[in-house]
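Each remark here refers to the structure printed beneath this line.
The values are calculated or read from the model by the stated rules, or taken from the named source; none is laboratory data. Keep in mind that this is a model prediction, so the values were computed, not measured. Heavy atoms of the whole protein, side chains included, go into the accessibility calculation; ligands, DNA and RNA do not. Shrake-Rupley method; radii C 1.70, N 1.55, O 1.52, S 1.80 Å.
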Amino acid sequence: NKFVNIELSNNQNSQWDWGNSAIFEVYAGNKAIVSNATITDNVCSFGFGGAILVYGSELTLLNSIVYNNYPYPAQLQDDSQTGISNMTVKNCLFSAGENNIQINGYSQLHWLDGNLTGNPQFIDSEENPYLLSENSICVDAGATDLTEYFGEDFIFPEFDIMGNPRVIGGEIDMGAYEWNPDVSIDSEEIIVSNVIELSNYPNPFNPSTTVKYYLQKNSFVNLSIFNLKGQKIKELVNGIKTKGYN
């Protein structure tokens, strides 16, 4: 089980089965490798667990941010049937480092190089509260070579969770979002394909403009506005639209 670019935030686990309580759980002898996750502001109310629970299983966590989760960021628990748990952490930020990770029984935490503690310095905007600020310690703090974990053919997805370039200048950030100072739209480089035509009038405009697009067939459309820093300002369309002009 391999995952890249995921966000788990603002969840509350208020019910538990078999004593387990977690937002992200690796269970029953499974193995998972996770890179570039943002796991933050989660609450687990009952049982043993935390934002992450590894229960008789193995988890490798890379390039990820685990911040402000209650009561614990992670717990490792032995299982009588599948044995001890192992959790490997590399190039990740945990609020309090390894000190607040609960290790029960004979389970083992492997705390490798590149890990950080403290505040990831999110932008905390209304639309995307977990974007990294320019001065975040998580910017360019990730590892770009993960072939040891994902295999020799592994390459990062081209884009982060928001659709911004994932690896910039040969460096990668921790978490699901890549800070990008250079995202902009050049009006001379608007792509017009046989699927969609997009324009707006007037341009330039103040205070309003009309965005028009043409579809050759009924299609799913997501149309959003971003500022020059690549931060999402507003989502205009997110759904199925009919062919023709909209």
For Thr82, indicate whether it is at pLDDT below 95 and among the hydroxyl-bearing types (Ser, Thr, Tyr).
-> yes
Among the candidates Asp153, Asp173, residue that is open to solvent by 50 Å² or more (accessible area, probe 1.4 Å) and part of a loop (DSSP other than H, G, I, E, B) = Asp153
List the strands (runs of 3 or more DSSP E) that sit entirely inside segment 1-120 and contain at least 2 residues that are open to solvent by less than 60 Å² (accessible area, probe 1.4 Å).
-> 2-9, 20-27, 31-40, 48-55, 58-62, 65-67, 74-77, 86-90
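So that you can scan it fast, the table gives a plain yes or no per residue for (1) under 17 Å from the mean Cα position of the chain (by Cα); (2) on the phi > 0 side of the Ramachandran plot:
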{"position": "Gln121", "(1), (2)": "yes, yes"}
{"position": "Tyr130", "(1), (2)": "yes, no"}
{"position": "Leu146", "(1), (2)": "yes, no"}
{"position": "Gly151", "(1), (2)": "no, yes"}
{"position": "Phe159", "(1), (2)": "yes, no"}
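Conditions (1) more than 29 Å from Tyr177 (Cα to Cα); (2) among the basic types (Lys, Arg); (3) open to solvent by 60 Å² or more (accessible area, probe 1.4 Å); (4) modelled with pLDDT under 80, marked per residue:
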{"site": "Tyr201", "(1), (2), (3), (4)": "yes, no, yes, no"}
{"site": "Pro204", "(1), (2), (3), (4)": "yes, no, yes, no"}
{"site": "Tyr214", "(1), (2), (3), (4)": "yes, no, yes, no"}
{"site": "Phe220", "(1), (2), (3), (4)": "no, no, yes, yes"}
{"site": "Gln231", "(1), (2), (3), (4)": "no, no, no, no"}
